[in-house]
Every structure is written in C-alpha cells, then in structure tokens.
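As structure tokens, the structure follows; a few thoughts come after it.
The values are calculated or read from the model by the stated rules, or taken from the named source; none is laboratory data. Treat the numbers as computed from the prediction; the structure is a model and nothing was measured. Glycine gets a Cβ as well: all are built from the backbone with ideal geometry, and neighbour counts include every protein chain shown. We work out accessible area using only protein heavy atoms, side chains counted, and drop any ligands, DNA or RNA first. Shrake-Rupley method; radii C 1.70, N 1.55, O 1.52, S 1.80 Å.
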Amino acid sequence: MEKIFVTGGRSLNGKIEISGMKNSALPIIFACLLINEECILENIPMVSDVENALFILRQMGAYASFIDEHTVKINARNASLIDLDLDIISKMRASSYLMSTCLSRFGSVSMAYPGGCNFGVRPIEQHIKGFQALGATLIENTDLISLKFGKRPKNTKIVLDKISVGATINMIMASAISDGITIIENIAKEPHVLDLIAFLNICGADISLYENQIKVVGVKGLKGIRYRIYSDMIEALTFACCVGVTGGEIALQNVEGEHLEGVLSVFDKMGISHRYKNGALYIKKNASIRGADIVTAPYPAFPTDLHPQFSALLCYCDGGGSVIEGIFPNRFAYAVELEKLGARLNRVDNKIIIEKSLLHGATLDATDLRAGAALVVAALGATGKSTINNVNYIVRGYERLVSKLASVGADIFCDVK
Ligand code: EPU
C-alpha cells in the first residue's frame, strides 16, 4: 500500500505550479463524447480520476490520451454505446456525466451507479428528475441505471430542488444538442460549471448564464476545438493552508485569482496574507494567525472541498475555530485522524469546533481525497514523523502533491512516484 512520510516543522519557501482543475477537466473530457471531431484540451491535471475518465472513453472506442504532460487529445467520432458496468464507474462521481453525454449522443445509456468520495449518501435524484423533464424514461435495478430518450419536448424548464454541480452540468450536456430550449433554474455556478459552458459555447453551443438561470438553446451539432481549462482553485488553496501551518512564503503560479478571492479574504483576516507579483500569487504567514468560523456553501461561498484542509489549519490558529459543513453533512471522516495527531476537536452534527492544539506525528489513514490532503496539511506542522496510508485517494485529485511540497522545502516523500 502506498504511503506518504512527513516530518513536520519545516517552513515552505519557493514556487509551485498549480495544475489544471480536476473538476473542470472531468466534465469537459466527457463532453467530448458529444463531438464527432478532435478536441485538444490543455492544462489537464495528470491525476487518476482523469486517467480513469480517459480509460472509459477508450473503452467506448474513442481516441482519448495525453499527448504531452498536460495536454489531452480526444476524438469520439468512433465512440459507440457499450454497457458501462465498469468497476471504475462505481468508484468515480464524475462518471455520472456519462448519463447526459450518452443520452445525447446515443439516445440511451445503461451504466453502473456513479460512485465518488465516501462521505455519505451521494444521491442522483435531481439528475434523474431533469432527464425525465427532457423526455427520458428510467429503468432502475439494483446494479444498473438505464435511461432512454423518448419524444423530447420543445421547451423545458427544470427547477433543481437542490443546488447541485453534477445535476447542473448534466442538464447542460443533455440539452446542448437538441431542437428545443431548456431553462435550468437553481443552478450551481462553480468555476468548473462556467468552464464547461465556455468550452461548449466555443464548440458551437448556445448557452447563456443569468443570475439564477441557465438558458440552453439547442444546436444541431458541435465542432472540435482546442481549449485550455481553468487551473485548480482547491489545489492552490490547499497549498495556502500548508503555508498557514508551516510559515514561510510560497509563490503559486498558474492561478485564477478571481476564484480564490473569497477564501483569500478569510485568510487575510486570519493572518495569512497574499499579494500578486509578476503573475504569481504569493502567500505568506504572518507572525501569528487567528482562527475563523466558516460555513461551506455553493460558490462563491467557502468551498466544501477545502473544509478538511481548513480544519487541519485551524489546529494551528490562536483561538481555534469552527466549520459548519453546508453541502455534505458527513464530510468529517478526517476528524478521527486529526485526533490521532493530538488535535482537540468536537463534532456535533454538521459542525466541528477545533481548538489550537500541539500536534505530534502519527500513523494516519486517508479516507477520501480532501481528507487525505488535510492529513498532509496537519502533518507538515506536527512534531516528529507521520505516515499517511491510502495515497490512492490523494492521487485522484492532486498532481504530484508530494514532490511539489518537497520542492518548497517540506520534509516529505512517498513510496510511489
Ligand atoms: N444532491 C442531492 N441530489 C442530487 C445531487 C446532489 O441531494 O441528485 C446533494 C448532494 O448529496 C450534496 C449536494 O446536493 O449534498 C451537492 O452535491 P453536488 O451534486 O453539487 O456534488 P457533486 O456534483 O456530486 C461535485 C464535485 C465535488 C464537490 C461538489 C460540491 C466533481 C466530480 N465533484 O460533486 O468534488 O465537493 O461538487 O462542490 O465535480 C472533490 O473534488 O473533492 C469533490 C468531492
């Protein structure tokens, strides 16, 4: 089993190149199934979720491969519908994007239930409700979910009961190629949703974003393009948490500043300051840092995908702080692991209160992607050596996390590349 070994206490100084955003890359890779021409996608992170998405497309007969370190070429002209009962589908949330793209391209889909990070039930009823409004019928059994388009209504209005990134993206992809108009309300507006819309519009789609509504005017087809995806806001903010723990100053290159502003303004008040110079974002820890109380909610509020790493940071802050998890009420599996490091915390329902604690090294288990990252953040400031198991979770969404941290002075290594 792959492990990460960390000896805490080193300050971080130097430059880190931020990779492309996993949660943009995945829907855009699956969106290429809608297109019968070659697409070149730039700034794609080399993470295992992306490799799995490309594998699924290849299983379907598409060309889908990295052609250099961060560029992917996809040509789905020869893709065909297969039974998508592949093991990786049930391990990967983004496989849900196959529902919309296969429905649109082939008129039906039969696939394993999409999986994803294990922090409680991950329902898909909003996706299903939307597909049904667009004219699909559903056949469910214990192992497979099957959808088939019947007669598609000319004009459809879908009001999501819950703001959902996945359902918003699926509704866009199911309706981009059609001869009707689709209005989607109560939408997610995360940067990756906007990235997908920008990609599809350059491909020839007609998608407009309003305050609380997306309007999709269906088009006949889409053309292949070259497109550069956004860089990863959560990766950049994870490194900011690391500096808050260790001290020092790092320059983050290839960042989308506007996506980071909300969280950086929280960090400013805590004593983790930032400035831009020569296109890089410099993050520096002041002499002392104070905690904060935050609530996670859909963008532009504080992102749930930074919650575990932020909790790790709070262990090092004067006065401690708290997190109310507003998206995934059970995203707290990291808490018992932080306790193994000596963190003093108390979880009640979807709120965790964290006191400033003296952390020491321990052997820890990553339980999901961001929980794993949180353990790395916490271990960087702990006294002594920590071992983090289950690195496979971390490599799903962080490209070369260990070598990037080592390059700015962390005492960290991994027994895999
Ligand atoms: N929800 C429902 N019914 C649905 C869909 C969602 O009740 O049909 C609920 C979820 O259970 C959750 C909330 O709505 O309570 C929001 O879920 P959402 O659908 O927005 O999440 P997702 O699309 O499954 C994506 C990211 C997650 C990220 C969330 C929230 C991808 C592949 N995954 O998941 O990323 O946490 O949006 O921003 O884009 C991560 O990167 O670590 C990660 C988990």
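Counting Lys and Arg as +1 and Asp and Glu as -1, what is the net charge of the other residues whose Cβ lies under 13 Å from the Cβ of residue 104? Before the final figure, lay out each step's value.
Numbers: positive: 105, 148, 152, 220; negative: 179.
Local charge sum for residue 104: +3.
Based on Cα atoms of the stretch 22-228, Rg over Rh with Rh as the Kirkwood radius reads 0.92. Here the stretch 295-417 exposes an accessible surface that is 57 percent carbon and sulfur, computed with a 1.4 Å probe and the other protein chains kept in place.
Taking a Cβ cut-off of under 13 Å around residue 211, the surrounding Lys, Arg, Asp and Glu residues balance to a net charge of +1, with basic ones at +1 and acidic ones at -1. Shown in residue order for the stretch 155-171 are the 3J(HN,Hα) couplings computed by the Karplus curve 6.51 cos²θ - 1.76 cosθ + 1.60 at θ = phi - 60°: 10, 10, 10, 10, 10, 6, 6, 9, 6, 9, 4, x, 5, 4, 5, 5, 5 Hz (x for Gly and Pro). Summing +1 for each Lys or Arg and -1 for each Asp or Glu among the other residues whose beta-carbon sits under 15 angstrom from that of residue 298 gives -3.
So what are the stretch 40-114's ellipsoid semi-axes, whole angstrom, largest first, if each one is the square root of 5 times an eigenvalue of the alpha-carbon gyration tensor? Intermediate results must be reported in sequence, preceding the final value.
Details: eigenvalues 86, 43, 18 Å².
Computed over the stretch 40-114, the values are 21, 15, 10 Å.
The shape of the chain can be summarised by an equivalent ellipsoid whose semi-axes, obtained from the alpha carbon gyration tensor, come to 38, 21, 20 Å from longest to shortest.
The listed residues 162, 385, once ranked by accessible area (1.4 Å probe) with the largest placed first, stand as 385, 162. Couplings 3J(HN,Hα) of the stretch 223-228, computed from phi: 10, x, 9, 9, 9, 9 Hz, in residue order, whole Hz [Karplus 6.51 cos²θ - 1.76 cosθ + 1.60, θ = phi - 60°; x for Gly and Pro].
Going through the cross-link list 22/285; 73/277; 22/148; 148/189, which pairs have a Cα-Cα distance over 31 Å in this structure?
Numbers: 22/285 27 Å; 73/277 33 Å; 22/148 29 Å; 148/189 28 Å.
Beyond 31 Å: 73/277.
When peptides 49-59, 84-94, 310-320 are ranked by their average number of other Cβ atoms within 10 Å per residue, the highest-first order is 310-320, 49-59, 84-94. Helix-only arithmetic for the chain: the sum of -39500 (n - 2.57) across DSSP H runs with n ≥ 4, divided by the residue total, places the mean residue ellipticity at 222 nm at -9000 deg cm²/dmol. Sequentially through the stretch 195-202, phi angles give Karplus couplings (6.51, -1.76, 1.60; θ = phi - 60°) of 4, 4, 4, 4, 4, 5, 5, 5 Hz, Gly and Pro residues having no value and appearing as x.
Show me the ranking of peptides 35-46, 233-244 by mean Cβ neighbours inside 10 Å, starting with the highest. Kindly include the intermediate steps, with their values, before the conclusion.
Details: 35-46: 19.8, 233-244: 26.2.
Top of the packing list down: 233-244, 35-46.
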